[in-house]
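S.K.: To start, I am sharing the structure in question, which I have written as structure tokens.
Just so it is clear, none of the values below were taken in a lab; they were calculated from the coordinates. Nothing here was measured: the structure is a model prediction, and the numbers come from that model. Cβ sites come from the backbone with ideal geometry, for glycine too, and all protein chains shown count toward neighbours.
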């Protein structure tokens, strides 16, 4: 294949057919490059090895990006048929060490590499056809079906880079040279770093609706900041500069490390950066597919914890406070360099987009108005946790891309690397990782008088999630009991065996905890990570904070603790997972109870769930369904409705009748009742709904 022919795809243009061809070329280039990355693995046996203990084997990542296309196209009802439901389940989730990422390898039966290759061929053919056939108007907007295609392409571009990091962590005996990925062949002594004065400036971060490039949801909105003058290091920190920290015992001296850093050192026993290989009294450098003499003038590859420790070391040594730059300070440096955004910015000006090398290069090679490597070479860790801009709103097709990272634990990386392309190298790109993660990332340091403000309670800002927090953890209204508590009590009353339960459609998790009062183990699953993270946070941090809307923009802050709820002794019985009820992983089975709460009329194909649910239940187990039966085409295509319409004879079709037909052979209907619930929208507006509860015993 050829090198990358262009950065990305402009959303506007004059020719529909020309735009289709452009997107097709971009898709093929991305797809083929991703497969080229996996040619680095020496043979197919390596696909089943882990390069990092907290990650999946490489076979997961090989399949993940292809299944992403299908899962998003299914979820957005652009297509209705899966290619391989098993693949699209096991390869769906598990890339960021979230609590709901199932990393237990005993739960997986990984397929043959050849089968995954064949699957990728099928996905490529389908997506290629859709690019040429989907309705298309210009400019492409967020509600366009083609936006979902672009989302899949940019998602794969991210994994091109992150997979290269994982391959670089794989023992060299399992990696082979690939001509497409050339190493920079020159290095010298490390240049002496120096501080450069950067004048104060006012910056505006975030983009509006008229951006001409695909953007992720966290990049939209507005953040304005007056940035005081500061000093920034002329170069990224090189291997040579970092060497002094290592030689002078930086990894052994705990005063340079914060609590999270100390935990990292205990868990890894690190004594030096991850891609330094100790040989006798010196170090070699692990490049992508080879071990070379230490390139002292290349940037050091470290995680954020190592970068922060170096800053503390340098501060103590020189009596000046050094720190990592903030997101806003980086933007001042970017604008000081008078950089143009892509496509006007030419890739030859920096070490990015694989244009020059498939490795880092000397830190004094690419000059941007006196500051080097403002973009490219390696990403630069910041001191800023990723937070939403004012006006942020989730894109419904990928609601767990950004929101789970708004936890003050994910630090922004800035500037792109040699392996970055597509959206990753745009001016407004915003990517964040946990501080112990390794990327193609290093750092520069600054001297500044400003510090990032700390956030004691992160109040849930997503309107829908906040509403459900109030619904499940807030006050009751009009004499109607808490619905999560009522359904859990009802379900427990009918259950004979009480070993293991599933709360499907668990939302923010209240019923999951309530079921744990009577079950030894309860798993809560929801399609939305935005909801799942609330239950996880309550378990791991002991409290949740959310806003309840009063009127207009006025809201009341609320905080609930696990002690107040009486769940502190139950938390070890519950676990939370992200999952698709229509295509759950095979390991979600062996239940004495499955409770699907207000779920079936929100599924894209409820029959897929109902026709296989018996296989996940033990003998004499109970299935509890609750639903107000509010069928709507925005959630479920009408052809998949179970009720709420007239058939071809003019007979009214009721949902409970369809349930009896679908479940009657394998289940006995033993109880029905209506259960009310109230959802508060504002101080003076409430939803009062009746949900029918049907209880089914497995025959």
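S.K.: What ranking do 236-249, 509-522, 152-165, 277-290 get when scored by the average of other Cβ atoms within 10 Å per residue, highest first? Write out the running numbers ahead of the final one.
M.R.: Working: 236-249: 20.1, 509-522: 24.4, 152-165: 21.8, 277-290: 15.0.
So the peptides 236-249, 509-522, 152-165, 277-290, ranked by packing, come out 509-522, 152-165, 236-249, 277-290.
S.K.: Still on this structure, please answer the following. Tell me the volume per residue, in Å³, of the convex hull enclosing the alpha carbons of the chain. Don't jump to the answer; show the numbers that get you there.
M.R.: Working: hull volume 120.3 nm³, N = 699.
Enclosed volume per residue, from the Cα hull, is 172 Å³.
S.K.: Can you list, largest first and rounded to whole Å, the semi-axes you get for the stretch 345-405 by taking the square root of 5 times each eigenvalue of its Cα gyration tensor?
M.R.: Values: eigenvalues 194, 43, 26 Å².
After scaling each eigenvalue by five and taking roots: 31, 15, 11 Å.
S.K.: Taking only the alpha carbons of the stretch 210-303, what extent do you get along each of the three principal axes, in Å, biggest first?
M.R.: Rounded to whole Å, the extents work out to 57, 35, 30 Å.
S.K.: Another question about this same structure. So what's the projected area for the stretch 609-699, the Cα convex hull averaged over all directions, in nm²?
M.R.: Values: hull surface 30.9 nm².
Across all orientations, the stretch 609-699 yields a mean hull projection of 7.7 nm².
S.K.: Continuing with the same structure: Cα convex hull of the stretch 476-698: how many Å³ per residue?
M.R.: Numbers: hull volume 30.5 nm³, N = 223.
Dividing the Cα hull volume of the stretch 476-698 by its residues yields 137 Å³.
S.K.: If you bin the C-alpha pair distances of the stretch 436-572 every 10 Å from 0, what whole percents do you get?
M.R.: Taking all Cα pairs of the stretch 436-572, the binned fractions are 11, 35, 29, 15, 8, 3, 0 percent.
S.K.: Here's a follow-up. Can you tell me the Rg and Dmax of the stretch 195-447, counting just the alpha carbons, in angstroms?
M.R.: 17.9, 57
S.K.: Something else about it: Please quote Rg/Rh for the stretch 563-636 to two decimal places, taking the Kirkwood radius as Rh and restricting both calculations to Cα atoms. Before the final figure, lay out the partial values.
M.R.: Numbers: Rg = 14.5 Å, Rh = 14.2 Å.
On the Cα set of the stretch 563-636, Rg over Rh gives 1.03.
S.K.: Still on this structure: So what is the relative contact order of the stretch 340-481, in percent, for Cα pairs below 8 Å that sit 6 or more residues apart? Walk me through the intermediate numbers first.
M.R.: Values: 178 pairs, mean separation 36.4, N = 142.
Rounded, it is 26 percent for the stretch 340-481.
S.K.: Counting only DSSP beta bridges with both residues in the chain, tell me the antiparallel percent, nearest 5. Spell out each step's value before the answer.
M.R.: Values: 63 of 87 bridges.
If I count the DSSP bridges inside the chain, around 70 percent turn out antiparallel.
S.K.: Give me the percent of Cα-Cα pairs in the stretch 16-174 that sit more than 27 Å apart, rounded to a whole number.
M.R.: On the way: 3043 of 12561 pairs.
Value for the stretch 16-174: 24 percent of Cα pairs lie more than 27 Å apart.
S.K.: Then there is this: Grab the DSSP H runs of the chain that are 4 residues or longer, score each as -39,500 (n - 2.57), total them, divide by all residues and round the 222 nm result to the nearest 500 deg cm²/dmol.
M.R.: It comes out at -8500 deg cm²/dmol, rounded to the nearest 500.
S.K.: What does the convex hull of the Cα atoms of the stretch 330-447 come to per residue, in Å³, rounded to a whole number? All intermediate terms of the calculation are to be shown ahead of the outcome.
M.R.: Numbers: hull volume 15.4 nm³, N = 118.
Taking only Cα atoms, the stretch 330-447 has a hull volume of 130 Å³ per residue.
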